[in-house]
Amino acid sequence: MTEASERPRMPIATEAPPEAPSTEPARLAVRADVRNVAIVAHVDHGKTTLVDALLRQTGSFRANQVVAERVMDSMDLEREKGITILAKQTNVEFDGIHINIVDTPGHADFGGEVERSLNLVDSVLLLVDAAEGPLPQTRYVLQKAMARNLPVVVAVNKIDRGDARPVEVLDDIYELFMDLGATAHQIEFPVVYTNAKSGTATRALAVPGTSLRPLLELLVSVTPPPTYEPGHPLQLLVTNLSANEYVGRMAVGRVMNGSIRVGQRIVVVREEPDDPSGVVEPGRTVTLSGTVTALQTARGIERADIEEAGPGDIVSVAGLPEVTIGDTLTDPSDPRPLPRLEVDEPTLRMTFGVNTSPLSGRDGKYLTSRQLRARLEKEILGNVAIQFFPTESADTFEVRGRGELQLAVLVEQMRREGFELQVSRPEVILRTDGGVLQEPYERITIDIPPEYIGTIQTALAGRKGRLEQMSTDADGRVRLEYVLPVRGLIGYRGQLMTETRGTALLHQIGEGYGPYAGEVTHRTNGVLVADRQGTSNAYGLFNLQERAEMLIGSGQDVYEGMVVGENARSGDMDVNVTKEKKLTNIRTHAHDEALRLVPPRPMTLETAIEFIGEDELVEVTPMQIRLRKRLLSQHDRHRQAGAREEARQAEDR
């Protein structure tokens with residue numbers, strides 16, 4: 001393998017090799033020194049670890065350089081959760097070939113990153129765990145790749161696992177290809193067996209691998225080099241956005257034709273969306289013009305400034321602040337926009353509001369609605385999957401995304417930056433199609449020990465789940481595949497972990513919209529609500545823990561309307577957790593023995609968002625996560641409940 005070296009930025013035009021005649025028209029030239037590949041897989045199947053090994057073995061790091069594990073996971077949250085959240089691009093040099101690699105997220109909530117990444121590349125490396133086999137996200141990303149007719153290289157990873165079953169997993173992959181309607185050409189995919197952790201690959205299981213060279217050779221031979229039309233004006237399709245504090249919004253995309261350089265004039269021509277009010281004329285186009293102020297590309301794990309880029313290069317361009325995903329950067333003298341890239345719509349929404357609790361302002365630096373709005377505007381600058389809208393209240397905003405985890409990650413990022421806010425329970429975004437009310441559905445796979453089958457089926461039946469498939473793995477565990485409304489999945493992950501004693505694995509993927517399924521059961525138990533402000537006391541908690549599971553411990557600040565526990569029965573109960581033992585002159589052993597409290601249930605941000613009901617909020621500060629009622633006053637809550645009951649009785653009459 002060769003050391004990473006600088007390469008010429010201008011395209012190298014060559015004729016297509018005679019042994020593999022091109023099906024493209026004769027006028028297209030081939031850039032033989034570039035390959036563009038995306039690595040896709042289900043979550044935790046080893047994508048980022050494999051990219052690490054590729055960077056190390058191709059000389060992207062100095063011999064004495066200290067490099068963290070999973071170097072592509074640059075965010076703190078990515079390292080803590082062990083997942084990739086943002087798609088990132090890097091490159092390696094192999095035998096004079098410049099290979100651009102896009103590392104994509106494996107979690108369904110970040111599927112929009114995968115969809116856009118596939119527009120940058122010419123082939124896909126599909127990673128599958130040698131023990132777990134194909135899972136929902138594997139199916140999702142493979143379906144997207146096949147829809148774009150991209151060549152697929154299958155890598156069966158983690159062959160060193162004690163429970164690895166690579167032969168059976170390969171059969172499952174063939175079945176998956178056939179289920180997705182693969183053509184005869186697509187099903188003849190090449191296979192390589194890898195151990196990303198040790199950095200080895202082999203084409204045959206009987207021959208141990210010594211390096212990742214077999215994988216790189218396979219990628220170079222299978223991935224078609226970029227083609228372009230000589231003399232064609234610039235065409236750069238924007239597939240992602242990033243924000244740079246020095247140059248502002250940067251458009252990330254691939255140069256399809258022509259070349260781009262610093263100082264060049266560029267334009268974006270786009271059609272205005274339809275306006276129901278009739279203010280905008282239908283079919284009107286808008287032209288945005290600007291000058292390239294900065295041009296960057298990946299150099300290993302770093303971003304390097306370059307002067308010029310040619311066809312096939314993946315670059316970041318600054319100079320058009322209004323550019324959005326799906327736009328085409330073109331030449332003003334001969335603008336030729338490409339078909340616009342469509343982005344999937346969000347399916348969930350939450351409200352983000354200013355923290356209005358009596359304890360607000362103790363931890364955070366950013367407390368006002370102006371600062372909250374500015375932070376959300378900054379988020380949508382580089383994250384097209386997030387949308388936000390104002391509400392009737394000036395200090396509350398509606399934020400939309402594609403899943404609970406995606407929205408929870410945004411809240412956690414804001415919390416670490418010093419924001420204080422309060423967020424609501426996620427709600428699905430309904431739509432009407434042909435007069436029929438529809439809601440989003442999810443396909444989930446649950447991996448459990450067989451003794452919990454009945455418990456899971458009972459729980460999912462109440463959440464409108466439909467069993468699609470059930471199978472038993474070689475180790476005796478049962479895999480259930482369900483399709484259910486997204487509403488039924490909200491709050492279920494915590495319940496599943498409790499019912500299976502933490503032994504279950506749950507994976508999910510979007511299934512599109514379907515008919516509204518009716519009422520779905522959520523949390524059936526009520527909560528304990530503090531009735532006054534003060535400090536929780538062991539004496540007050542001791543008498544409550546027999547009838548409820550406490551969410552707070554002794555010595556914590558509480559306020560009226562704060563949720564302090566989960567009731568064992570339905571219905572909420574107002575309690576005094578600040579109650580202290582009255583002092584007397586009588587001393588006995590029975591009265592003076594120490595009070596033993598059951599440890600409170602630990603509450604993370606994700607579990608808190610899952611737990612709350614429609615009339616509750618999660619108060620998030622840099623140091624604390626608290627649950628509270630929307631209406632803090634006990635009198636206001638009783639009055640609202642009475643009004644709701646009167647309205648229900650009026651409907652019945």
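The values are calculated or read from the model by the stated rules, or taken from the named source; none is laboratory data. Here the structure is a predicted model, which is why all the values come from computation and not from measurement. We place every Cβ from the backbone using ideal geometry, glycine too, and count neighbours over all the protein chains shown. Ligands, DNA and RNA are stripped out before the accessible areas are found, and what is left, the full protein with its side chains, is counted by its heavy atoms. Shrake-Rupley method; radii C 1.70, N 1.55, O 1.52, S 1.80 Å.
Quick look at the values:
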{"quantity": "Some residue of region 372-391 being assigned to a loop (DSSP other than H, G, I, E, B), open to solvent by 30 Å² or more (accessible area, probe 1.4 Å) and either under 17 Å from Leu407 (Cβ atoms) or touching a His at 6+ places or on another chain (Cβ under 9 Å) (or both)", "calculated": "yes"}
{"quantity": "Count - residues of region 120-148 that are more than 29 Å from Gly476 (Cα to Cα) and in a strand (DSSP E or B)", "calculated": "3"}
{"quantity": "Single residue of Ala318, Ala309 found to be at pLDDT 85 or above, under 25 Å from Arg375 (Cα atoms) and not β-branched (Val, Ile, Thr)", "calculated": "Ala318"}
{"quantity": "Which listed residue is of a type outside the set (A, V, I, L, M), over 18 Å from Ala182 (Cα atoms) and at pLDDT 75 or above, from Asn149, Asn119, Asn64", "calculated": "Asn119"}
{"quantity": "Filter pass, Phe352 being within 27 Å of Leu288 (Cα to Cα) and in a strand (DSSP E or B)", "calculated": "no"}
{"quantity": "Residue in region 149-173 that is farthest from Thr194 (Cα to Cα), counting only those that are in a loop (DSSP other than H, G, I, E, B) and touching a strand residue (DSSP E or B) at 6+ places or on another chain (Cβ under 9 Å)", "calculated": "Leu150"}
{"quantity": "Subset of region 553-574 [open to solvent by 10 Å² or more (accessible area, probe 1.4 Å), among the aliphatic types (A, V, I, L, M) and closer than 25 Å to Asp636 by Cβ]", "calculated": "Met573"}
{"quantity": "Residue that is modelled with the highest pLDDT [pool: residues in region 519-531 that are out of contact with any strand residue (DSSP E or B) (no Cβ under 8 Å at 6 or more places or on another chain) and more than 12 Å from Glu566 (Cα to Cα)]", "calculated": "Glu519"}
{"quantity": "Scan of region 178-197 for residues that are among the small types (Gly, Ala, Ser) and surrounded by 14 or more Cβ atoms within 10 Å (Cβ to Cβ), ordered by number", "calculated": "Ala182, Ala196"}
{"quantity": "Residues (among the hydrophobic types (A, V, I, L, M, F, W, C), open to solvent by 30 Å² or more (accessible area, probe 1.4 Å) and touching a residue at least 12 places away in the same chain (Cβ under 8 Å)) located in region 473-513", "calculated": "Ala474, Leu505"}
{"quantity": "Residue in region 217-234 that is aliphatic (A, V, I, L, M), under 30 Å from Gly263 (Cβ atoms) and surrounded by 15 or more Cβ atoms within 10 Å (Cβ to Cβ) present", "calculated": "yes"}
{"quantity": "Identity of the residue in region 514-547, touching a residue at least 60 places away in the same chain (Cβ under 8 Å) and closer than 30 Å to Arg466 by Cβ, that ends up least open to solvent (accessible area, probe 1.4 Å)", "calculated": "Gly514"}
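A quick yes/no check of all residues on (1) among the β-branched types (Val, Ile, Thr); (2) over 23 Å from Arg523 (Cβ atoms):
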{"site": "Arg373", "(1), (2)": "no, yes"}
{"site": "Leu407", "(1), (2)": "no, no"}
{"site": "Ile429", "(1), (2)": "yes, no"}
{"site": "Val436", "(1), (2)": "yes, yes"}
{"site": "Ile444", "(1), (2)": "yes, no"}
{"site": "Asp447", "(1), (2)": "no, yes"}
